[in-house]
Amino acid sequence: MNRKTLVLPAVIGLLAPVLAACGGSDGGSGGDAIVVGTTDRFSASEETPAPLDPAYAYDVGLWNVLRQTTQTLMTQPRGDGEPVPDAAEKCGFTDTGNERYACTLRDGLKFANGDAITAEDVKYSIERALAIKADTEVATLLSTVDTVETQGDREVIFHLKTADATFPYKLSTPVAGIVNPKQYPKDKLRDGWELDGSGPYTMKAEVKNNELTKAVFTKNPDYKGSVEVNNDKVEMVFFDDADAMGTAIEKGDIDVMTRAMTPKQVQQLARATDGDVDLVEVSGLEIRYLGFNTEAPEVKDKAVRKAMAQLINRSELVSTVYGSQAQPLYSMVPAGITGHSNSFFNTYGDPSVDKAKAMLEDADVTTPVKLTLNYTTDHYGAATKQEFEQIQKQLNDSGLFDVDIEGAPWTKFRKAELNRQYAAFGMGWFPDFPDADSFIAPFLDKGNTLNSPYQNPDIINKLIPQSRGEADRLSAVDVLTDIQDITAEDVPLIPLWQGKQYVATRDDVTGAAYLLNASSTLQLWELGRGVSG
């Protein structure tokens, strides 16, 4: 039968997930491998020689490979909630200022090749990521680390430069993954597709023309951590497009279909009343936004960016392209996250051509403003082009803009964006962890992931540090709101929409409701074989 299963959002810190007992699981469903399809595509090249090195990877798809194999001290639990120990037996701040964080490793940890894991390996891994400082800027997640100290084989102490209440979350991200010094050089990235760690699985890559075509995950019998592994093997297959992936699940060639399904596929599965494929809706924190090179001549004048923020009709955009699968977003911090504020709506209200015209006239900007919006053709789903056609239409229909749109493959698009070759561009974001900091610092702090020239001293030097100093995130709401209000006024970014997550599975697969958590993290260990209810 076909049905739509709704998993309601959990309030962070309110709904505690049920976790398996500490230590590795002897469970596993046995039988054939569970095959998971995705449209994520990854290739190794001169520009990206080490896609799977934890010190380099900063993409939700790559992280979803790393999280299965590269163990971290902490891990994000089912659904929402604060991170829990994984490679660590326990972790916590040992001072009142949130500047000293100590972890004790589980006893008997070892890499999949049999080498024992010690506190020195943790220290090596963190210091390595910071020293390499890859151009993806993933190391900025560890930017508050000052020094790493070890005491014996199992004690690791992080001394932070400033208070950082979000640090436990950051230790759950792959950049903090524990790597073997014998396999990962200290001063350079590990090229190619080899991947080793101590996580729930080992991984073997199948590669064609330097592109990853399949990742085969086999249960690691030596894993010691907080999750229970419900299968023996999972294969992740990478498809050219969503249509090919949809055909594969209909034929039974794959068991699970993940990101990115098209809106049409989701609608068809939601409406169907029979068949062997089920649709699961999962609460999500994916966002889409426009970014700007604020030094580019076309958008350097803040009035141009403000006029765009005034004109874009998010409700129309969402209803036309995504229907019920997304909702308008008026802040970089999405609804459901503590600290969310509708700052862009509070600043601009409903879309208005008259207001936008007045903004441009007051700034002596000649209209129509000629501008190209750039987007990626193969990274955020098949509907991206339609989305940008709709934005183009809205801006051009105002008579105030003359907008062209131009698409490019992700590898070309991302390199050009980082090199500030685009004046305006479309991006998506899956949070590193479910906290407002993960929707603010990556874009507005020093060393931001966009290589944006926008630098606001109050945000960087005052407000972000203040927010990180509040262990009780409710106490940080006022500061977080200030950051969002400044963003709405300066417009280095324009939030567009917040999306839901969907998984499609064949009827004999269990655990799909927990396959993705709120941060879009794939938890392959949740999948099993059985009779679905």
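Carbon-plus-sulfur fraction of the accessible area of the chain, 1.4 Å probe, in percent?
Whole-percent figure for carbon plus sulfur exposure: 47.
With each run of n ≥ 4 DSSP H residues scored as -39500 (n - 2.57), what mean residue ellipticity at 222 nm is computed for the chain after dividing by its residue count and rounding to the nearest 500 deg cm²/dmol?
Per the formula, -6500 deg cm²/dmol.
So what are the ³J(HN,Hα) numbers for segment 413-428, from phi and the Karplus equation (6.51, -1.76, 1.60; θ = phi - 60°), rounded to whole Hz, Gly and Pro as x?
Listing the rounded values in order: 4, 5, 4, 5, 5, 5, 8, 6, 8, 10, 7, 9, 8, x, 9, x Hz.
Between GLU298 and SER315, what is the label-point separation in nm under the 7 Å Cα-to-beta-carbon projection?
Taking the simple label geometry, SER315 and GLU298 are separated by 2.9 nm.
Which of the three applies to segment 286-400, rounded, prolate or oblate, going by the alpha-carbon gyration tensor with a ≥ b ≥ c and a/c under 1.5 meaning rounded?
Prolate, because a/c is 1.5 or more and a/b exceeds b/c.
Between segment 361-419 and segment 490-523, how far is it from one alpha carbon centroid to the other, in angstrom?
Centre-to-centre (Cα) distance: 25 Å.
With the other protein chains left in place, how much accessible area per residue, in square angstrom, belongs to segment 171-303 at a 1.4 angstrom probe?
Per-residue accessible area for segment 171-303 comes out at 42 Å².
To the nearest 0.05, how large is the calculated FRET efficiency for ASP507 and ASP364 if R₀ is 45 Å and r is the Cβ-Cβ distance? Spell out each step's value before the answer.
Working: r = 63 Å, r/R0 = 1.41.
So, using R0 = 45 Å, E works out to roughly 0.10.
Taking N as the number of residues in the chain, what value does Rg over Cα atoms divided by 2.2 N^0.38 Å take?
Numbers: Rg = 22.8 Å, N = 533, 2.2 N^0.38 = 23.9 Å.
Rounded to two decimals, the normalised Rg is 0.95.
Can you bin segment 463-533 into rounded, prolate or oblate? Criterion: square roots of the alpha carbon gyration tensor eigenvalues sorted a ≥ b ≥ c, rounded for a/c under 1.5, prolate for a/b above b/c, oblate for the rest.
Prolate, because a/c is 1.5 or more and a/b exceeds b/c.
Hey, how many Å between the Cα centroid of segment 180-194 and the Cα centroid of segment 233-273?
When both Cα centres are located, 34 Å separates them.
Let me know the longest stretch in the chain that avoids all GluC sites (Glu not before Pro) found in a DSSP loop with at most 13 other C-beta atoms within 10 Å.
Values: sites that count: GLU46, GLU47, GLU295.
Here the longest run is 48-294.
Taking only protein heavy atoms into account and a 1.4 Å probe, give the accessible area per residue of segment 435-523 in Å².
I get 30 Å² per residue for segment 435-523.
When only C-alpha pairs under 8 Å and at least 6 residues apart count, what is the relative contact order of the chain, in percent?
After rounding, I find 21 percent.
For an R0 of 41 angstrom, estimate the FRET efficiency from the Cβ-Cβ distance between ASN342 and LYS161 and round to the nearest 0.05.
Computed FRET efficiency for ASN342 and LYS161 comes out at 0.80.
On alpha carbon coordinates alone, what is the Rg over Rh value for segment 346-483, Rh being the Kirkwood radius?
We get a ratio of 1.01 for segment 346-483.
Could you give the dipole magnitude of segment 134-228 about its Cα centre, charging the beta-carbon of Lys and Arg +1 and that of Asp and Glu -1, in debye to the nearest 20?
260
Calculated FRET efficiency, LYS355 and ALA416, Cβ-Cβ r, R0 35 Å, to nearest 0.05?
0.60
By the gyration tensor of its Cα atoms, with a ≥ b ≥ c the square roots of the eigenvalues, what is the shape of segment 419-464: rounded for a/c under 1.5, prolate for a/b over b/c, or oblate?
Because a/c hits 1.5 or more and a/b fails to exceed b/c, segment 419-464 counts as oblate.
Mean separation of Cα pairs under 8 Å and 6+ residues apart, divided by the residue count of segment 50-100: what relative contact order is that in percent?
That works out to 20 percent.
Hey, could you pull the Cα Rg and Dmax for segment 215-256, both in Å?
When restricted to Cα atoms, segment 215-256 yields Rg and Dmax of 13.8, 39 Å.
Provide the percentage of antiparallel DSSP beta bridges, counting only those with both residues in the chain; round to the nearest 5.
Taking every DSSP beta bridge within the chain, about 75 percent pair in antiparallel fashion.
Among LEU450, ALA476, PHE413, whose Cα sits farthest toward the positive end of the charge dipole of segment 413-476 (+1 at Cβ of Lys/Arg, -1 at Cβ of Asp/Glu, about the Cα centre)?
Going by the charge dipole, the pick is PHE413.
Suppose each label sits 7 Å from its Cα in the direction of the beta carbon; what would the SER43-LYS446 distance come out to in nanometres?
3.6
Taking θ as phi - 60°, what are the ³J(HN,Hα) couplings along segment 157-170 by the Karplus curve (6.51, -1.76, 1.60), each to the nearest whole Hz, with x for Gly and Pro?
10, 9, 9, 9, 5, 9, 4, 8, 5, 8, 4, x, 5, 5
The values are calculated or read from the model by the stated rules, or taken from the named source; none is laboratory data. These numbers come from a predicted model, not from an experiment. Reconstructed Cβ throughout: ideal geometry from the backbone, glycine too, with neighbour counts over all protein chains shown. For the accessible areas, the whole protein counts, side chains as well, though only heavy atoms, and no ligand, DNA or RNA atoms are used. Shrake-Rupley method; radii C 1.70, N 1.55, O 1.52, S 1.80 Å.
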